[in-house]
Every structure is written in C-alpha cells, then in structure tokens.
1. It is to be established whether one or more residues within the range 113-123 are modelled with pLDDT under 95, assigned to a loop (DSSP other than H, G, I, E, B) and either touching a helix residue (DSSP H, G or I) at 6+ places or on another chain (Cβ under 8 Å) or farther than 29 Å from residue 165 by Cβ (or both).
2. Kindly list the number of the only condition in (1) closer than 21 Å to residue 143 by Cα; (2) without any contact (Cβ under 8 Å) to a residue 24 or more places away in the chain; (3) more than 16 Å from the chain's Cα centre (by Cα); (4) surrounded by 18 or more Cβ atoms within 10 Å (Cβ to Cβ) that fails for residue 62.
3. Just one of 135, 154 is at pLDDT 95 or above, surrounded by 19 or more Cβ atoms within 10 Å (Cβ to Cβ) and over 28 Å from residue 54 (Cβ atoms); which is it?
4. Go through (1) surrounded by fewer than 17 Cβ atoms within 10 Å (Cβ to Cβ); (2) modelled with pLDDT under 95; (3) over 15 Å from the mean Cα position of the chain (by Cα) for residue 54 and report which single condition fails.
5. Out of curiosity, is residue 43 under 25 Å from residue 121 (Cβ atoms), crowded, with 17+ Cβ neighbours inside 10 Å, modelled with pLDDT of 95 or more and touching a helix residue (DSSP H, G or I) at 6+ places or on another chain (Cβ under 9 Å)?
6. What is the one condition in (1) within 30 Å of residue 36 (Cα to Cα); (2) part of a helix (DSSP H, G or I); (3) touching a helix residue (DSSP H, G or I) at 6+ places or on another chain (Cβ under 7 Å) that residue 109 does not satisfy?
7. If we scan the range 225-245, do we find a residue that is under 29 Å from residue 160 (Cβ atoms), at pLDDT 95 or above, surrounded by fewer than 22 Cβ atoms within 10 Å (Cβ to Cβ) and over 32 Å from the mean Cα position of the chain (by Cα)?
C-alpha cells in the first residue's frame, strides 16, 4: 500500500512538472513528458555511477538530466557533489548556487556544501556566510557550526571560533576534531587550563592522538608545570619517535 502511494505521488509530481514545462515552451505535452522521464532516468544512472565513485560518468548523466529538465535541482545538487569530490570546487559552487536559486528555501545541506567548496578554495568569508545561512535554516546543524568554527580559527578569530566549536561539541560530544580545534583556540588565547581540559578529553576519546599530547604538554609548559609537560612529551614520542614537535618539546624540557 505504501509503495503504491509513493508511486502515485511520483506520478502526480511528474504530471505537474510536465504541465509546467509544457506551459513554458513550444514542445508538445508528450515531448515534455518524455523529456522529464528521460531526465529521471539519466538522474538515476548518475546516482548509480556516483555510488560507485565513478564521478566522471555521474557528471555526464547529470548533464543529460539537466539538458532534458533545466530546472532539475536535485541533478544540479548531485552534480555539484560529484564536482566537489573531484576537487572541481568552482564547478561545485556554480551547481550549488543554481540549486539554491531554484529553491531559495533550500535545506541547509546545500549551503553547507557550497560553504565547504568556498572553504576548500580558501574563500573563508563566503564560506562563513554560507555556514551562517545553514545555521539559520537548521540551528541543530553540528557540521555547519564545526565548519564555521574552523573557518574562524583559520582567520585567527578565536573569540568566534570557540563558541561555534562549543556548540558543535554540545550537539556531538564524541568528535575528536572539535576538541582539538577548541583546545588550540584556547591555547592561542593563553587560556591554558581550558586547553588542557580539551586535550585531556581528546586523549580519553583517542589515546594515541599525538597532537593532543604535544599541545597539552605545551600548555603545561606555558603554565610552568614541567613535570607534566615532560610526561606528555614522552607519551608523544612513544607514539612517534620522529615527530619534530614532540622532539622539540622534549628538548626544551631536558
């Protein structure tokens, strides 16, 4: 019964789209239906290729879907994602922009993905703007808070990075990277106690995280606690005896 309802809904949606397209161009009603069916078929093939990580074929199929139905927002979104995975970030941005234009009240994912593309080309201000829009659309988007926090961190705007990373941690308390980035933000603002707390949490979650031992050791060193700093330096060197940061910390303490 449920499957029948889904198929009926899909058919009605297809019929409505065909009527809209028919009213906007000179194609016959039958041709409009044929184009929409062909677009859906191409989209399905694109999804299958994407699932197999064959991004070039996926892009080709999404191109065909868009040719047959220029308003196919899902095809733009998926083609944008394929471009993103191929590191063609400018093309990804263009596709996500088109997706958003077709649906201004887009789910936050499109803004997050476009923001991620801007982030990848180091356009952090536009990335932050997109992550902010994503958060406005979905205040519970941990990914958007994380990415905006990281963007602020890279811009050395630690006073904004810390609240965003804190929000992300509240929503997802087991993501190691958020603690590392917040701890490092605390470190650079000389709030060594909070930095130590975050690095300790990282070590609890990931006992072999070398970076946490090094930065916690540096935090202890800045506080004048050389014994604990040396303990962390030794722990880091046990994980990787050739790590330059750990070796440098150790040499400062001996």
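1. no
2. Unmet condition: (1).
3. Being at pLDDT 95 or above, surrounded by 19 or more Cβ atoms within 10 Å (Cβ to Cβ) and over 28 Å from residue 54 (Cβ atoms) holds for just one of 135, 154, which is 135.
4. (2)
5. In short, no.
6. (3)
7. no
Yes/no per residue for (1) farther than 21 Å from residue 109 by Cβ; (2) free of Cβ contacts under 8 Å to residues at least 12 places away in the same chain:
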site: 126; (1), (2): no, yes
site: 138; (1), (2): no, no
site: 141; (1), (2): no, no
site: 148; (1), (2): no, no
site: 158; (1), (2): yes, no
site: 171; (1), (2): no, no
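The values are calculated or read from the model by the stated rules, or taken from the named source; none is laboratory data. Keep in mind the model is a prediction, meaning the values are calculated, not measured. As a convention, Cβ positions derive from the backbone with ideal geometry for all residues, glycine included, and neighbour counts pool all protein chains shown.
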